[in-house]
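The structure appears right after this line, and notes come after that.
The values are calculated or read from the model by the stated rules, or taken from the named source; none is laboratory data. Every value quoted in this text rests on a predicted model; they were computed, and no experiment measured them. Cβ: placed from backbone, ideal geometry, glycine included. Neighbour counts: every protein chain shown. Ligands, DNA and RNA are stripped out before the accessible areas are found, and what is left, the full protein with its side chains, is counted by its heavy atoms. Shrake-Rupley method; radii C 1.70, N 1.55, O 1.52, S 1.80 Å.
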Amino acid sequence: MAEDGRKEQIIVDLEAGSEWRFELEADENIALRILSPDPVFINSEELPPATWYPIHRYTKGSLYAPTAARLEVTSLPASQYTSTSTIQPQLLNLHLALERNRILAKRYLFNKGSSEVVRGPRVMVVGPPSSGKTTVVKNLVNLALSTGMGWTIGVAGLDPSSPSNLIPGTVSIATPSHPIPTHHLAHPFGSPPTSIPSNMLSADVATVGWWLGGLEPTNKNAEVWKVLIENMGSEWKNKCEKDKMALASGLIVDTSSAFTNPLLGTKKDDPKARYSLVDQAVDALDIDTILVIGHEKLHIDLSRLPSLQSRAVNVIRIPKSGGVVDLDDAQKELVQSFQIRTYFYGEPILPKEISGLMGKMVGFDGSLNPYSFQIGWDTLVVLRVGEENSAPSSALPLGSSRTLSPTRLTRVDPSGPAHVVRLLNTVLAIVDIKPEDRLKPEKAPKEEVKAEPEGEAEPVKEEEEEEDMEEVPFREEIGKREVLGFIVITAIDAQKKKYTVLSPSPGKLPSTVAIAGFVEWVDSA
């Protein structure tokens, strides 16, 4: 008989070098603990011995045992099995090669000795959809953070559909200092700082995020994407100039499956260019190693890419894990909705039968209390970034043309048609505004209006008013700046001209300028 009145112990025995894989459904929450003396790992994080480790519903993962091990589970998931096919030895060999570069870089930077390595490794992981890119990144980060060398590795998330530690639609860079646990779907690389005490050791990870507003890079937002990646590269470069340990620790980059599309982001002036997204990221983040998961043709294509050969970038192919789960669109939407909800409401609460276990890893209540309030249309300025959000060229007079910046700002008019405005249930990114960001409107000299055609003068006046309403009084750069946080528009009152917004905390917004995208979320339990 098991303790705490449970019916019986559920034991899982693992062979040396095997994995226990599980896929939790909507009604499955489990907790497990290690009964054997030898260590067991989940995504290369060592599980504490004899301490219950909770895992929330919908989570899919695996435990790796280098030696024979025994673990106890509160309940067996419907989908679970053990396998001796694992890529952990390959990941460990890769980690040892990267660790050697870190140690040599640290020796050079701090001791000023001669070394062939002057900085830490910068690795980018690419691969097709559902190939395990995020899992590989997490394993490499945890292996480095478990060495006790005090590394401050940069983790860049270039997959807006599965962001590292913010919400869908963002790209970010973070610097975790402890091995990252695997408790639930949100925050795969550690949770950002919150207003309550964290219940995970890896929480409060310093994070800088940029808002793309879409779930993947496309040809329409290619220019915006390029600027965001360049800004991320500048931010990391500035950090490395101030922090030698960050420079020695290196950078590991998770990417979107769109990086495998050779034609995505190709410009009209250079139609023969291939893998532009890979090129841009390598150039902005100064990548020296690319890991290709399982895709042989992609590995060959990138190895032959002239731009990568000129930079002497190492392209290495690693096998795809047999435990990778293919996610359909419905599952991806569920994960994205869960990540946004966690941002506003905090981490999910465990059921009583698991939260009551002794030696648990999480707190009693990790929930947050978001705040809903109304704000006027004139007070909250909602903008969109990119030429795709401007009026079509067909609306211009015959024979006329225009040249617009691909990253220009357009103001959203909430009084317009709902299918055009698309603000209800839309996630907005709050950006910081400085005094120098405001533009003074240029007032054109008033022209005298003749008295005879009174009927013709009124439409001209209306057009001028519309132009004033659409005018953006801010510099273009604010649309590509780091975000301060996120809110959601939950209701629009056209009569009172007010938004109802959901904010993660009460009080005034840090800024009244928000960037809208095309990420929507309905607040439902």
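Entry remark, the stretch 219-231: residues being open to solvent by 50 Å² or more (accessible area, probe 1.4 Å) and assigned to a loop (DSSP other than H, G, I, E, B) number 2 in total. In the stretch 217-228 there is no residue that is closer than 23 Å to Arg100 by Cα and among the aromatic types (Phe, Trp, Tyr). Can we say Pro192 is of a type outside the set (D, E, K, R), crowded, with 24+ Cβ neighbours inside 10 Å and within 28 Å of Val385 (Cα to Cα)? No: the conditions fail for Pro192.
Put simply, of Ala78, Ala68, Ala50 the only residue that is in contact with an Asp or Glu (Cβ under 8 Å, 6 or more places away or on another chain) and farther than 20 Å from Leu24 by Cα is Ala68. Counting only residues that are free of Cβ contacts under 8 Å to residues at least 12 places away in the same chain, over 20 Å from the mean Cα position of the chain (by Cα) and part of a helix (DSSP H, G or I), the stretch 284-330 holds 5 of them.
For the stretch 33-115, give me every one of the strands (runs of 3 or more DSSP E) that falls completely inside it and has 3 or more residues that are farther than 20 Å from Pro176 by Cβ. Quick ask: steps written out before the conclusion?
Working: elements: 53-55, 60-65, 69-73, 79-83.
Here the list reads 60-65, 69-73, 79-83.
Annotation note: of Gly157, Gly150, the sole residue that is at pLDDT 85 or above and surrounded by fewer than 24 Cβ atoms within 10 Å (Cβ to Cβ) is Gly150.
May I ask you to verify whether Ser191 is among the small types (Gly, Ala, Ser), modelled with pLDDT under 90 and over 15 Å from the mean Cα position of the chain (by Cα)? Here the answer is no, as Ser191 does not meet what is asked.
Checked against (1) modelled with pLDDT under 90; (2) over 30 Å from Thr170 (Cα atoms), Gln495 passes all but a single condition, namely (1).
If only one of Ala26, Ala50 is on the phi > 0 side of the Ramachandran plot and open to solvent by 10 Å² or more (accessible area, probe 1.4 Å), which one is it?
Working: Ala26 fails: on the phi > 0 side of the Ramachandran plot.
Residue meeting the stated conditions: Ala50.
Taking Pro414 as the residue in question, decide whether it is modelled with pLDDT of 80 or more, open to solvent by less than 80 Å² (accessible area, probe 1.4 Å) and either of a type in the set (A, V, I, L, M, F, W, C) or not in a helix (DSSP H, G or I) (or both).
Details: modelled with pLDDT of 80 or more: yes; open to solvent by less than 80 Å² (accessible area, probe 1.4 Å): yes; either of a type in the set (A, V, I, L, M, F, W, C) or not in a helix (DSSP H, G or I) (or both): yes.
Against the criterion (modelled with pLDDT of 80 or more, open to solvent by less than 80 Å² (accessible area, probe 1.4 Å) and either of a type in the set (A, V, I, L, M, F, W, C) or not in a helix (DSSP H, G or I) (or both)), Pro414 qualifies.
For Pro306, indicate whether it is open to solvent by 40 Å² or more (accessible area, probe 1.4 Å) and closer than 20 Å to Thr218 by Cβ.
No: the conditions fail for Pro306.
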